[in-house]
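Structure first, commentary second.
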Amino acid sequence: MSLLVIGLSHRSAPVSVLDRASLSPDSRIKLLQDGLAAEPATEAAVLTTCNRVELYADVDKFHAGVAELSTLLARHSGVGLDELTPYLYVHYEDRAVHHLFTVACGLDSMVVGEGQILGQIKDALASGQELHTAGRLLNDLFQQALRVGKRAHSETGIDRAGQSLVTFGLEQLAAGADVGTWAGGRRALVIGAGSMSSLAAATLARAGVAEIVVANRTASRAERLVAILGEPGGTGVKARAVGMGAVDAELTRADIVVSCTGATGLVLTADAVGAAMGPVPGDREIALLDLAMPRDIDAAVHRLGGARLIDIESLADASADAPMAADVDEVKRIVADEVAAFGAAQRAAHITPTVVALRAMAADVVTNEITRLEGRLPGLDERQRAEITQTVRRVVDKLLHAPTVRVKQLAGEPGGAGYADALRELFDLDPQTVAAVSRADRSEAADRNAVDLKNRGRV
C-alpha cells in the first residue's frame, strides 16, 4: 500500500476555480466515505483550507487510485472532471509525505510561515478518526506532520516571515498604515464564529477597535466568542452577539467587516452593502475582509464608492510579492530530514510482521522439539527439562538476533521493502500468519487512536 495525495491550491488553480471547488462539511464527509469505499483505497483523509482542497489516501494501485479519487473529488466539489483536471496536482509516496510536511510548516501557504495550517491539519486528522477512514498510515503521517510543523516554528525564525491570513488581510485593508492606528476606535462586524472568525475578532480587539459585533447562524457559538473576548484579563473590548438576521442593520454602523462562514452562497450582496452605506456614494467608508472559500462577499462590492474589499484573490496577488524569510531554507532542510526519517520508519514497520512471524515459527520449532525430546527421554526431571528448554531457546534467539536486527535496519533504507519478501521466501513463512500479525497491529493502532481522540475530547 502507498500514500497518494490529489488536490488543488492557490498555487495550482485560479481563485475562481478554488471558490467553486471548495467543499461543504457534508461534502467532506461524503468524499471521505466514498474515498474509503473506492476499490484502490484503504484509508482516506481530506485537508481543506480557504485556499486548498486535498484528498489523501493509502492505495494499492497508483493509476487506478488517481483516476478514481480524481473523479470523486470532482463529483463532490461540483466542478466537472474535465475542467478540474488541469489544476490538480498528484504526489505519491515520499513526494506526498514531503508535500504534507511542507504544508504543515507553512511553506506552501498563501502567507509563508503562517501557523493556522496546523489547526486545519489537526481537524483533518480528527475527522478521519471520527469517521474511521484514517488508519495506521494516515494517523502516523498527520501526527508526524503536526510535529514537523511545530518543530519548524520552534527551531527557526519562520514566524518572522509568516503571519496569519487575518493579520495579512487587515494590513492590506490598512493600505500601509499601522493596523492599530487604522483600526483604533472603529466599530467592527465579524460574520461567523469559527476558528478564522475568532482569530479575526481577537486581532481586531488587540488592534483597539471600539466595538465588535459577532453574527452567526448558531447563537450559542457567537455568544461563546463574545464571552471569550470579554473575559477578565482579556482584551476588554465591548462585544455583543447577534443573529444573521441582524447583519443588514449592523452593516449600517460598521466600519470594518470580516466574514468567514461555511455558507455555500453569498452572505453579503453588493446591494446589501450599498444600502448600508447610504444614498450618497462616497459619503461613508467601509472596509471589508472576505476570508471565506467560497466567497462570502459579492465581488461587485469593489465597484461601490467608499467600499474597500479584500478577498482571497487579492490576498493571493499581494502575497506573491511578499518577501521570504531567510529561515525558509532551514525549514526546507528540516522537512527533508523528517521525510527521510518518516520513510525509514514506515519501511522498517512494514517488515515487523514478517520478523514477528519468523520468531513465532522459531518458538513453535523449539516447543515441538522439546516435546519430542520429552517423549524420547521420559526420565528427565523438571530442573533438567527447564535447563534444556532454556538452552535451546537461547541458541535460537542468538541465531535470529543478528539477522532480524540487521534486516530491520536494511528495510529502513530506500528499496528495503524487498527484504520482507526475502525473509518469507527463505524461511517459508505462512503468509496467513504474517497477515494476521499485520491485522493485529492495525487493530491495536486503531484502539490507541480512539483513546487519543476520546482524551482530546475531554480536554
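Would you rank Y56, Y89 by solvent-accessible area, highest first, keeping every protein chain in place and using a 1.4 Å probe?
My answer, sorted largest first, is Y89, Y56.
Show me 351-357, 389-395, 116-122 ranked by packing, highest mean number of other Cβ atoms within 10 Å first.
351-357, 116-122, 389-395
Treating the beta-carbon of each Lys and Arg as +1 and of each Asp and Glu as -1, no other charges, what is the dipole magnitude of the chain about its Cα centre, to the nearest 20 debye?
Here the size comes out at about 1040 debye.
Determine which lysines satisfy two conditions relative to K408: a Cα distance under 17 Å, and not lying fewer than 8 residues away in the same chain.
Those lysines meeting the cut-off are K398.
How big is the chain in terms of Cα radius of gyration and Dmax, in angstroms?
28.4, 112
Once amide H atoms are built 1.01 Å from N in the peptide plane, which residues 5 or more positions from V242, or in another chain, come under 5 Å H to H?
Here V214, A215, N216 satisfy the definition.
Evaluate the stretch 1-128: find the radius of gyration of its Cα atoms, find its Kirkwood radius, and give the ratio Rg to Rh.
Ratio value, two decimals: 0.92.
Rolling a 1.4 Å sphere over the protein heavy atoms, what is the accessible area per residue of the chain, to the nearest Å²?
48
Could you compute the FRET efficiency for V392 and S2, with r as their C-beta to C-beta distance and R0 at 51 Å, rounded to 0.05?
So, using R0 = 51 Å, E works out to roughly 0.80.
Order R11, R424 by their accessible area, 1.4 angstrom probe, all chains in place, largest first.
In descending accessible area the options line up as R11, R424.
Based on DSSP H runs of at least 4 residues, each adding -39500 (n - 2.57), what is the mean residue ellipticity at 222 nm of the chain after dividing by all its residues, to the nearest 500 deg cm²/dmol?
It lands at -18500 deg cm²/dmol.
In terms of modelled amide H atoms, which long-range or inter-chain residues lie less than 5 Å from the amide H of E114?
Placed amide hydrogens put Q163 under 5 Å from E114.
Once you've got the Cα coordinates, tell me which of K122/K150; K122/K332; K61/K150 are over 23 Å apart.
In this structure, K61/K150 lie more than 23 Å apart at Cα.
Calculate the dipole size of the stretch 3-154 relative to its Cα centre from +1 charges on Lys and Arg beta carbons and -1 charges on Asp and Glu beta carbons; express the result in debye to the nearest 20.
Using only the charged Cβ atoms, the result is roughly 420 debye.
Can you bin every Cα-Cα distance in the stretch 1-64 into 5 Å intervals starting at zero and give me the percent of pairs per bin, rounded to whole numbers?
Per 5 Å bin, starting at zero, the Cα-Cα P(r) for the stretch 1-64 comes out as 4, 19, 26, 21, 17, 11, 2 percent.
With a 1.4 Å probe and all protein chains left in place, how much of the accessible area of the chain comes from carbon and sulfur atoms, in whole percent?
Heavy-atom surface of the chain belonging to carbon and sulfur, 1.4 Å probe: 53 percent.
Of all beta bridges DSSP finds with both residues in the chain, what is the antiparallel percent, to the nearest 5?
Counting only bridges with both partners in the chain, antiparallel ones make up about 45 percent.
Sorted by mean Cβ packing within 10 Å, highest first, what order do the peptides 218-225, 93-100 take?
Put in order of decreasing packing, that is 93-100, 218-225.
Just to confirm my numbers, what's the Cα centroid distance between the stretch 325-367 and the stretch 57-130 in Å?
Cα centroid to Cα centroid, the span is 23 Å.
The values are calculated or read from the model by the stated rules, or taken from the named source; none is laboratory data. Everything numeric here is computed off the predicted structure, so don't read it as measured data. A quick note on method: Cβ atoms are made from the backbone with ideal geometry, for glycine too, and the neighbour counts reach across all protein chains shown. Surface accessibility is based on the protein's heavy atoms, side chains included, excluding ligands, DNA and RNA. Shrake-Rupley method; radii C 1.70, N 1.55, O 1.52, S 1.80 Å.
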